[in-house]
Structures are given as structure tokens and as C-alpha cells.
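K.L.:
Dropping a structure here in C-alpha cells format, bear with me for questions.
The values are calculated or read from the model by the stated rules, or taken from the named source; none is laboratory data. All of these numbers come straight from a predicted model, not from anything done at the bench. Note that we place each Cβ from the backbone using ideal geometry, even for glycine, and neighbour counts take in every protein chain shown. Quick note on the areas: whole protein, heavy atoms, side chains included, nothing else; ligands and nucleic acids left out. Shrake-Rupley method; radii C 1.70, N 1.55, O 1.52, S 1.80 Å.
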Amino acid sequence: MQDIRWNTFWVLLFISFLSLIVWGFKSLEVASLFFILCLSIYLLSHVYWIYRLNKWLKNPNLSTIPDGSGIWEEIFAILYREYRKQKRSKSELTTTLGRFMTAAEAIPDGIVALNQNNEIEWCNKPSEKMLGINLSKDINQPIKYLLRETNFTEYLNSNIYNDSLKLISWRNTSRSFEILLVPFGASQKLLICRDIAQIEKNDSIKRDFIANVSHELKTPLTVIVGFLETLSDMKNEFNEKTYSYLQMMLEQSDRMNKLVEDLLQLSSIESNAAPAEKKEIDMLHLFKNLKKDSDLISGKLHTINMSIKKNISLLGYEKEIYSAFVNLVSNAIRYTEKGGSINVIWDMKNQNPYFEVQDSGIGIDQKLIPRLTERFYRINSDRGRNTGGTGLGLSIVKHVCIRHQAQIEITSQVGKGSQFKIIFPQERLSLKK
Ligand code: ADP
């Protein structure tokens, strides 16, 4: 582009030159008048093009851009090129955005974009259907006003979104959703919502099937165990070999009985997704029973110390809590050699009540710890079988924890022992008066 300063300089030089010629032919006054006149025409032409530019800027359009003259011709040409470039990238952006929106609408999961204040910026059609959002009305509304579930508000405020949240629709309780918050950009969030009603239904069919089969197996098993026990009391009627077979049958049917009982218990806990009741549990009484059961399991072959360090009660469902505690103590006993020691503790840390079982047993390899609460998972199936395990104990513990919003912490060292800790939330704490 021509430099505007040079352009002005040459024009002024030319006008001055012409004025000098006029001065030569006429007088200084005429030359001055001529100079002023030329300068005014020059200025007026600039004012005119500024006016045209201003007018065009108010309603910019490629087809109406002025042609300009002199330096302005070039200015308008540049403006034309830049405007065309900008229009092209804008249309490319609009196309990409359109494609993205179409793709987001095609996703069967609900997607809601939230701003820094957790207000709705945008959402797709599936989310409108699932969560009852109406984008045209609810835009800029805080999401917590639309999803008025306490669980969701706690999840939103927690700022920890590693796990998803299961939510039962408040409009239609037969529908349930899985909600995941994904932070992005500067404190913005994407809320991803999935209808899991069908998955839940399949799970419930599976659970019912297991519960029904276990229930049906229970009666014949009780009869078999009963007869086997009667036969085993008649030791003198059998020779040694037959009697040993009888003992093996009794052992295996006992195992089967335990398995059926654990399966029934697990499916009953699992089928109840609602939080457990908040009834005050007398820990002193619970620990007395726990001690009795522990001695029975151990056969007094271990040193078992039970200690209630804080006189606090738990708010929960006693039957399930007892079952989880017994499972942990039973594991500690079964995976600790005779003569080993087991500490069972009830205490509180940072207003969180906790139950802990420490043993001096065989321990667990660090990398296997995350799998322990899986159904039927055993580190070594032979080791589990020998100790009379079913592989369901820690699964039961996990589900009891879920129902009580408790966390389970496992630490262990092979050959040294393990610690299993159930940490309850503050809401489940009851301080004794
Ligand atoms: P099981 O009925 O086989 O004991 P669980 O679900 O209770 O099943 O435990 C799963 C596995 O975790 C067990 O098979 C065992 O290998 C391991 N385990 C559980 N508790 C302990 C413990 N206190 N010490 C060592 N290993 C343990």
C-alpha cells in the first residue's frame, strides 16, 4: 500500500508547485487563493471518502463497498479483502458449530454445558427429555434449581467428579439416570446424563434370578445337611473310609449352605438402592455379640482385642452393619495363622466414626487390593476354599458401605498383616449424651 504520508506530501508539493507557477504569471494574492482552493478541494475529497466509509461501516456489505479514488481506492480494496476473509472464516465457523450441534443432538446421552456459576449455557434434546429442561426458558438458570435432589447438590458442590452419580427421576421414580460432571475450560462443566433404567432393570432381573435360585436351593440343602449331620452322629455304623466320605460331604454341603446364605444376603442388600435407615446402633451391645462370634470362628486360637475408643453410636441399619463387621473380623481370623493377633477398633477421626480391623495375618499384595470387593474374587481360590470362604464377604461389606455412604480403606503388607477400615460420614454419627 502506498504510504499515506508520502501521498499527502506529493499532493501538497504538486499544489505548491502549481501555486508557484500561478504566482509567476499572476500575483502572490491570486497564488495564495489558488493554493487555499486546491487544499480545500483536497480536504473535501478526504471528508467525502470518510463519510462514505462511515456510512458503509454502519451497514457493511461486500456488494456496497465504495470503490474510492486515489489513496482511498487502495484502502477500500484492503477493506474488501479483509471483510471477505472474515466472512469466509465466520461461515466456516458456523458450519463447524452447526455440525457439532447436530452431532451433540444425535448423541443418545443428555449433555448440558454449565458455566462457572453452574448455570445452563446450552443443552441437547435428550437432556431436555431426561431432566425436564426447556432450553429456551431455562437458559442461564442454575442447574440446582432444576435438579433439586440433595444427592445431586452435594455432588455438584463436592468438586470431586471421579465417580458418576445415580439419580432416580423425581418425576417418574421408575426412571433412573447416571450423571457425570466433567470439568473443562475455566471452571465450566459438562453434565453428561445417561438413562440407565434398562440396565437397572436387567440387573434387577439378574438379582431376582440369583435370589430365587438361592432361595429354592436353601430348602433341599437344609434337608441334605440335616441328614448328613444325623449320619455323621452315627460314626460307629460306618467303616473309616465311608465315614471320611461322609465328613467331606458334610463339609461341602456346609460350604454350599454358606454360599447360598451369602448370595441371599448380598442380593437383599443390593436390591435396596435407597440409603440405609438412621437408627441408633448401640456399639457396646454390638461389640459384645461380635466378640462372641469372633471367638466361635477363631476357636480361641487367636488373640482378639476389641476396643471402643469413643463412646459414640452409629446411625444405620444394625443387621447390615453387623454383617459387614462380622465379615471383616471373620476374614481377619481366617487369614491369620493360629496364635496371631486381631484388633477390632471403634473410634472417630475428624467427626467421622470408623470401624477398623487390624490383623497380623498373611497380608495381601498391593496390586490386588482394588479387586477384593468384586463378587467371587479370591486372591487364591484354593486359599479361600481352605478357609471356608465364599468370595462374597467383601462384596457384602462394599454394598453395606454404599447403603451407609461409607468408604472402605484397605491397607496391607504381604506376610505382615492387613487393615480394613470402614469410615462413615458425619451424618451417621450419634454422640452419646
Ligand atoms: P472369602 O470368602 O474368600 O474370604 P472375601 O470377599 O471375604 O471372600 O475376601 C476376598 C479375598 O480377599 C479373600 O479370598 C482373601 O484372599 C482376601 N482377604 C480378605 N480379607 C483378608 C485378610 N484380612 N487378610 C488377607 N487376605 C484377605
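K.L.:
Which of the residue pairs 288/338; 166/310; 279/309; 206/291 have a Cα-Cα distance greater than 31 Å in the structure shown?
P.N.:
Pairs exceeding the cut-off: 166/310; 206/291.
K.L.:
If the chain between residue 379 and residue 231 were fully stretched, how many nm would it gain, using 0.36 nm times the residue separation less the Cα-Cα distance?
P.N.:
My answer for the length gained is 49.8 nm.
K.L.:
Would you work out the charge dipole size for the chain about its Cα centre, treating the Cβ of every Lys and Arg as +1 and the Cβ of every Asp and Glu as -1, and quote it to the nearest 20 debye?
P.N.:
That gives a dipole near 700 debye.
K.L.:
Moving on. Could you tell me the distance between the Cα centroids of segment 58-126 and segment 199-221, to the nearest Å?
P.N.:
So the separation of the two Cα centres works out to 58 Å.
K.L.:
Quantify, in whole percent, the carbon and sulfur part of the accessible surface of the chain (1.4 Å probe; protein heavy atoms only).
P.N.:
The value for the chain is 57 percent carbon and sulfur by accessible area.
K.L.:
Work out the charge dipole of the chain with +1 on the Cβ of Lys and Arg and -1 on the Cβ of Asp and Glu about the Cα centre, then indicate which of 290, 311, 380 is farthest towards its positive end.
P.N.:
It is 311, whose Cα lies furthest towards the positive end.
K.L.:
Then there is this: Using only Cα atoms, what is the ratio of the radius of gyration of segment 101-193 to 2.2 N^0.38 Å?
P.N.:
0.99
K.L.:
Which whole-number value in Å² is the accessible area per residue of segment 202-271, probe 1.4 Å?
P.N.:
68
K.L.:
Sort 234-241, 325-332 by the packing proxy (mean of other Cβ within 10 Å over each peptide's residues), most packed first.
P.N.:
Most protected by this proxy first, the peptides run 325-332, 234-241.
K.L.:
In Å², what does the accessible area per residue of segment 279-431 work out to with a 1.4 Å probe?
P.N.:
48
K.L.:
Looking only at 388, 185, 417, which one moves most when the chain is put into a Gaussian network model with springs between Cα atoms under 10 Å?
P.N.:
The residue that fluctuates most here is 185.
K.L.:
For segment 2-94, what's the relative contact order in percent, using C-alpha pairs closer than 8 Å and at least 6 residues apart?
P.N.:
In percent, rounded to a whole number, it is 19.
K.L.:
A further question on this structure: Working out 0.36 nm times the residue gap between residue 26 and residue 56, then minus their Cα-Cα distance, what length gain in nm do you get to one decimal?
P.N.:
Separation in residues times 0.36 nm, less the Cα-Cα distance, equals 6.4 nm.
K.L.:
Which of the listed residues, 160, 117, 176, is farthest toward the dipole's positive end in segment 107-195, when Lys, Arg count +1 and Asp, Glu count -1 at the beta-carbon?
P.N.:
Farthest towards the positive pole: 176.
K.L.:
In addition: Checking the cross-link filter: which lysines have an alpha carbon closer than 25 Å to that of residue 90, excluding same-chain neighbours under 8 positions apart?
P.N.:
55, 58
K.L.:
With the alpha-carbon atoms as the only input, what is the per residue convex hull volume for the chain in Å³?
P.N.:
263
K.L.:
Here is a further query. Computed FRET efficiency, Cβ-Cβ of residue 215 and residue 273, R0 25 Å: what is it to the nearest 0.05?
P.N.:
Computed FRET efficiency for residue 215 and residue 273 comes out at 0.75.
K.L.:
Report the full-extension gain for the segment residue 33 to residue 411: residue separation times 0.36 nm, less the Cα-Cα distance, to one decimal in nm.
P.N.:
Difference between extended and current length: 126.0 nm.
K.L.:
Does anyone have the angle between helix 283-298 and the longest principal axis of the chain? Alpha-carbon axes, 0 to 90°, nearest 10?
P.N.:
Tilt of helix 283-298: around 60 degrees.
K.L.:
Taking the DSSP beta bridges in the chain as the whole, what percent of them are antiparallel, to the nearest 5?
P.N.:
Here the share of antiparallel DSSP bridges comes out near 90 percent.
K.L.:
If R₀ is 56 angstrom, what is the calculated FRET efficiency for the pair residue 201 and residue 94, using the beta carbon separation as r and rounding to 0.05?
P.N.:
Given R0 = 56 Å and the Cβ-Cβ separation, E is 0.85.
K.L.:
Along the charge dipole of the chain, which of 142, 271, 425 sits closest to the positive end, that is, farthest toward it, with unit charges on the beta carbon of Lys, Arg, Asp and Glu (+1, +1, -1, -1)?
P.N.:
Among 142, 271, 425, the one farthest towards the positive end of the dipole of the chain is 142.
K.L.:
About the Cα centre of segment 181-339, how large is the charge dipole given +1 on each Lys and Arg Cβ and -1 on each Asp and Glu Cβ? Please answer in debye to the nearest 20.
P.N.:
It works out to roughly 640 debye.
K.L.:
Would you mind getting me the FRET efficiency between residue 86 and residue 11? Use the beta-carbon distance for r and R0 = 22 Å, nearest 0.05.
P.N.:
The calculated FRET efficiency here is 0.10.
K.L.:
Let me ask another. Helix 240-270 versus the longest principal axis of the chain: what is the Cα-based angle in degrees, 0 to 90, to the nearest 10?
P.N.:
Tilt relative to the chain: about 40 degrees.
K.L.:
Treating the beta-carbon of each Lys and Arg as +1 and of each Asp and Glu as -1, no other charges, what is the dipole magnitude of segment 2-94 about its Cα centre, to the nearest 20 debye?
P.N.:
500
K.L.:
Pairing the Cα long axis of helix 28-58 with the longest principal axis of the chain, what angle in degrees results, from 0 to 90 and rounded to the nearest 10?
P.N.:
30
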